[in-house]
Amino acid sequence: MDPSGGAGILADTKAMSALGTYACAVVAALTAQNTQGVTGVQAISPEFVALQLDTLFQDVRIDAVKIGMLGHEKVTLTVAEKLAKFKPEYIVLDPVMVAKSGDVLLEKNAIHALKEALIPLSTMITPNLPEAGVLLNARAAETLKEMYRSAEKLRKLMSDRDNKWVLLKGGHLPGNDTIDLLYNGDKMLELPGQRIATKNTHGTGCTLSAAICALLPQRKNVPDATQQAKEYLLAAIAKANLLTVGSGHGPVQHFHAWW
């Protein structure tokens, strides 16, 4: 959880609320963080994460789950075990590894657990290019052609079942035009975009994956939900400079359509 509200669960809750859904939250890790960086990380015990999940699923209908920062291997395995038990229809996994400031948010020995236990359960994974490189144990893609190959390899980490998607985000490529790839093992869709001149991009990955999670139960069509989520995020980035939060990388404007 980012206490500055730009990323993590607080950003997820804002995005989901702005898109007309009711957000619940299970805290898996805490950070001491602001717009300039992370000064500390505190793990939540796997037992308490399990208790939060059990308590929530026993009472509340959960239509979709977004997974963000998990931090540690045992927490990652606990979340995988509980989601395998409760079987929500949609699971969107944002493989959070490094903060915008460069601070590490996922310990190295948790990466194997993420790949072996959580990615196969997911409906969609949403890595950026550096995260994709870590998951594939390879250099991050530097061209659109290399992104195609990375998306194909990432899809092989997922279940062979239908309706499993990779959203490979191309924001780290050079230039003003950006392209994300959406791939399900059959169709490779290019989702174009344009870079927006602002330093206020804290929490963009969290916000996009949360928006997709919010829209999937409403749209039932993964490409449509993803495209609408991307449009929501681009508008939130375009209005980010209207906010004055901190002196570093500020947040996007989640409620750009409201105030």
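The values are calculated or read from the model by the stated rules, or taken from the named source; none is laboratory data. As the structure is a prediction and not an experimental result, all values here were calculated from the model. A quick note on method: Cβ atoms are made from the backbone with ideal geometry, for glycine too, and the neighbour counts reach across all protein chains shown. To get the accessible areas, we keep the full protein, side chains included, count just its heavy atoms, and leave off ligands, DNA and RNA. Shrake-Rupley method; radii C 1.70, N 1.55, O 1.52, S 1.80 Å.
Remarks
- Phe86 - accessible surface, heavy atoms, 1.4 Å probe, Å² rounded to 10: 50 Å²
- The alpha carbons of segment 13-53 stretch over 33, 32, 6 Å along the principal axes, in descending order.
- Overall form of segment 32-89 per C-alpha gyration tensor (a/c, 1.5; a/b vs b/c): prolate
- Bins of 5 Å from zero: percent of alpha-carbon pairs in segment 1-148: 2, 9, 18, 22, 21, 16, 8, 3, 1, 0
- Placing pseudo-labels 7 Å out from each Cα toward the beta carbon at Val27 and Ala84 gives an inter-label distance of 2.8 nm.
- Largest mean-square fluctuation among Leu215, Leu144, Leu70, in a Gaussian network model of the chain whose springs join Cα atoms under 10 Å apart, belongs to Leu144.
- For segment 215-259, the C-alpha radius of gyration divided by 2.2 N^0.38 Å, with N the number of residues, is 1.37.
- 30 Å Cα-Cα threshold exceeded, pairs from Lys153/Lys239; Lys153/Lys199; Lys74/Lys156: Lys153/Lys239; Lys153/Lys199
- Convex hull volume per residue for segment 83-221, taking Cα atoms only, in Å³: 120 Å³
- Candidate aspartates and glutamates - alpha carbon under 19 Å from Lys115, same-chain residues fewer than 8 apart omitted: Glu73, Glu81, Asp94, Glu107, Glu131, Glu152, Asp160, Asp162
- Taking Cys24, Cys206 and ordering them by how much accessible surface each has at a 1.4 Å probe, largest first, produces Cys24, Cys206.
- The label point for Glu116 and the one for Glu142, both projected 7 Å from the Cα toward the Cβ, are 3.3 nm apart.
- Here the Karplus curve 6.51 cos²θ - 1.76 cosθ + 1.60, taken at θ = phi - 60°, turns the phi angles of segment 172-189 into couplings of 7, 6, x, x, 8, 8, 10, 10, 9, 10, 10, 9, 10, x, 10, 9, 10, 9 Hz, with x standing for Gly and Pro.
- For the chain, the share of accessible area belonging to carbon and sulfur comes to 53 percent (1.4 Å probe, ligands and nucleic acids excluded).
- Cα gyration tensor shape for segment 121-167, rounded if a/c is under 1.5, else prolate or oblate: prolate
- Alpha-carbon radius of gyration plus Dmax, which is the widest Cα pair, for the chain in Å: 16.9, 48
- With a threshold of 18 Å on the Cα-Cα distance, the over-threshold entries among Lys82/Lys220; Lys66/Lys220; Lys145/Lys169 are Lys82/Lys220.
- DSSP beta bridges in the chain [antiparallel fraction, %, rounded to 5]: 60 percent
- Convex hull of segment 144-206 built on C-alpha atoms - directionally averaged projected area, nm²: 4.9 nm²
- Amide H to amide H distances under 5 Å link His202 with Gly250, Val252, where only residues 5 or more positions off or on other chains count and H is placed in the peptide plane.
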